[in-house]
Amino acid sequence: MKLFHISAECYPIAKVGGLADVVGALPKYQNNLGHSASVIMPYYDNAFTQAHIFSTVYEAPIVLGDSEINFKVLKTKAEILDFEVFFIAIPELLFKAYVYSNNDTDRFLAFQIAALDWILTLTEQPEIIHCHDHHTGLIPFMLQECYKYQALNTIPVLTTIHNAQYQGWFGYDKLHLIPEFDMSRTGLLDWDNNINPLASAIKCAWRVTTVSPSYMEELKMEANGLQSLLSAESDKCIGILNGIDSDVWNPETDSYIKVNYNLKTVHKGKLKNKLALCKTFDLDETKPLIVFIGRLVYEKGADVFPLALEKALEDNRCSVLVLGSGNYESEQALLHLKEKYIGHYNTFIGYDEALSHNMYAGADFLLMPSRVEPCGLNQLYALRYGTIPVVRSIGGLKDTVIDINEKDGFGISHEQVTVEEIYRAINRSIDLYNKTSIFKSLTKDIMTIDHSWDVSAKAYINLYQSLKK
């Protein structure tokens, strides 16, 4: 089966969030099943595009409202990844050092139009078009309604919602940028008197998926205004849990970490990584090491977890390391702790891929007190590295972490995002750490849980095939 994933992000080419990790792994695992999965994405000005040589596959102008803009379809001359990537190059709009900006309506509309214009010219057209998030949300509408794409409207098209908080809204002053269609069909674009690409995708896609079953159910109750739409369209909605690339995230072969380890050597390996991490960041290695890795934003609980960390640090029972960036107030609160709890706490404001791998390898616990977590990949990386997740029971965290007080439990869960509940969860983690034999047994057991993309890739292929019948 030939299929295209269309996305604004793809790891390792361009990454802002978890979307990149999904689009950077799912095609590889679908290809492993004997299919032909490729990615179409923008050509940005970044480290990846600067490091490789590209050839031109196609070149033509697109019409964007009253303007005509030239674009190219590029691909790398050498095979770099385990799947083919086609880059849409529109220098004046897409060739930037950033992925997202305040001009994204024009940028991603041009990207979507160019991608479909190119697909129109292909001798062998895809059997499935799989769109990801609102940046590609108008593709289902354009395939269904725009006159110029009528030849493609029998191709099944899916939309995956990675985060429903972001919907790509824009005003009707930009309606003329969309290729010509019957204006009586404008309602398919509309939500709350705006053009809403994500809402349009939900209305027009043949199937709508989210990145975990629980997140799909939660969206029917709260989806930043789209809950009633998702409830109405529930018959075509399904949640499929994300996986992780177990080749990249493998403590036995990971080139980033100080000491590689496997199931047999997990305890010695993790201890050596912990000692190295604690030495680098001046932390007490005799205490349980709790880490946070992620964006410091409201959705991740970053407004409250610094206060919970401070309470825990006052008790002098743990060491804490935070890696992340985002909200200025949260960053400052975490930096303040750095000055106050020298030898027990440290933070790295920013993002560092190598450091994140070393934290998964060296930590005892990973903290994820999220308000919203469509799937969550960090807890899956942690499990793979024998690090016990401490999570708020929501979305994909609810689907992937079972509390130790439940049957077959292996993690720590809490229900609400409050200082007290996060603090209690941290204390439960410390108590677990001090039950040495149980703790060691759990760190080994969780490494055997299979969250690779194999299962999820098959689920998507089965879904595609059901649409072709």
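The values are calculated or read from the model by the stated rules, or taken from the named source; none is laboratory data. Quick caveat: nothing in here was measured; it's all calculated off a predicted structure. Here the Cβ positions follow ideal geometry from the backbone for every residue, glycine too, while neighbour counts run over all protein chains shown. To get the accessible areas, we keep the full protein, side chains included, count just its heavy atoms, and leave off ligands, DNA and RNA. Shrake-Rupley method; radii C 1.70, N 1.55, O 1.52, S 1.80 Å.
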Could you sort 267, 35 by their accessible area in this structure, using a 1.4 Å probe and putting the largest first? 267, 35
Accessible area per residue for region 324-469 in Å², computed with a 1.4 Å probe and the full protein assembly in place, what is it? 41
Residue-by-residue Karplus 3J(HN,Hα) for region 371-380, coefficients 6.51, -1.76, 1.60, Hz, glycine and proline x: 7, 10, 8, x, 9, x, 10, 4, 5, 6
Length gain on complete extension for the stretch residue 185 to residue 438, per 0.36 nm per residue less the alpha carbon to alpha carbon distance? 85.0 nm
If one computes P(r) from the Cα atoms of the chain, what percent of pairs lie at distances over 38 Å? 27
Could you list, in their original order, any pairs among 28/264; 279/458; 340/407; 220/458; 96/340 whose Cα atoms are separated by more than 31 Å? 279/458; 340/407; 96/340
P(r), alpha carbons of region 2-83 - 5 Å bins starting at zero, rounded %: 3, 13, 20, 24, 19, 13, 6, 2, 0
Let me spell out the model: positive unit charges on the Cβ of Lys and Arg, negative unit charges on the Cβ of Asp and Glu, origin at the Cα centre of region 158-270. What dipole size does that give, in debye rounded to 20? 500
Pseudo-spin-label distance residue 455 to residue 174, built 7 Å along Cα→Cβ, given in nm, is 3.9
Rg from C-alpha atoms of region 188-252, normalised by the globular rule of thumb 2.2 N^0.38 Å, equals 1.39
Taking the chain as the reference, fit the longest principal axis to its C-alpha atoms, fit the long axis of helix 353-362 to the helix C-alpha atoms, and give the angle between the two in degrees, 0 to 90, nearest 10. 40
Calculate, for region 99-252, the solvent-accessible area per residue in square angstrom, rolling a 1.4 angstrom probe over the heavy atoms of the protein chains. 36
Among 256, 169, 442, whose Cα sits farthest toward the positive end of the charge dipole of the chain (+1 at Cβ of Lys/Arg, -1 at Cβ of Asp/Glu, about the Cα centre)? 442
Where both partners of a DSSP beta bridge lie in the chain, what percent of those bridges are antiparallel, to the nearest 5? 25
What is the gain in length, in nm to one decimal, between residue 56 and residue 445 on full extension, counting 0.36 nm per residue of separation less the C-alpha to C-alpha distance? 135.2 nm
Hey, what angle do you get for helix 419-434 against the long axis of the chain, alpha-carbon based, 0 to 90 degrees rounded to 10? 60
Among 197, 183, 76, whose Cα projects farthest towards the positive end of the dipole of the chain, with charges put on the beta-carbon of Lys, Arg (+1) and Asp, Glu (-1)? 76
Cα centroid separation, region 296-370 to region 405-469 (Å): 20
Could you size up the charge dipole of the chain around its Cα centre, putting +1 on the beta carbon of Lys and Arg and -1 on that of Asp and Glu, and report it in debye to the nearest 20? 1300
Summing +1 per Lys or Arg and -1 per Asp or Glu among the other residues with Cβ less than 14 Å from residue 66's Cβ gives -3
Summing -39500 (n - 2.57) over the DSSP H runs of n ≥ 4 in the chain and dividing by its residue number, what mean residue ellipticity at 222 nm do you reach, to the nearest 500 deg cm²/dmol? -10500 deg cm²/dmol
If I compute solvent accessible area with a 1.4 Å probe over the protein chains, what percent of it on region 119-160 is carbon and sulfur? 46
Which order do you get for 124, 217 if you rank them by accessible area with a 1.4 Å probe, largest at the top? 124, 217
Please list, in chain and number order, the residues 5+ apart from residue 71 or on another chain whose amide H is under 5 Å from its amide H, with Hs placed from the backbone. 60, 62
Mind checking the full-extension length gain between residue 299 and residue 98? Use 0.36 nm per residue of separation minus the Cα-Cα distance, one decimal, nm. 70.1 nm
Set Lys and Arg Cβ to +1 and Asp and Glu Cβ to -1, take the dipole of the chain about its Cα centre, and tell me which of 24, 401, 40 lies farthest positive. 401
Sorting 274, 435, 287 by accessible area (1.4 Å probe), largest first, what list results? 435, 287, 274
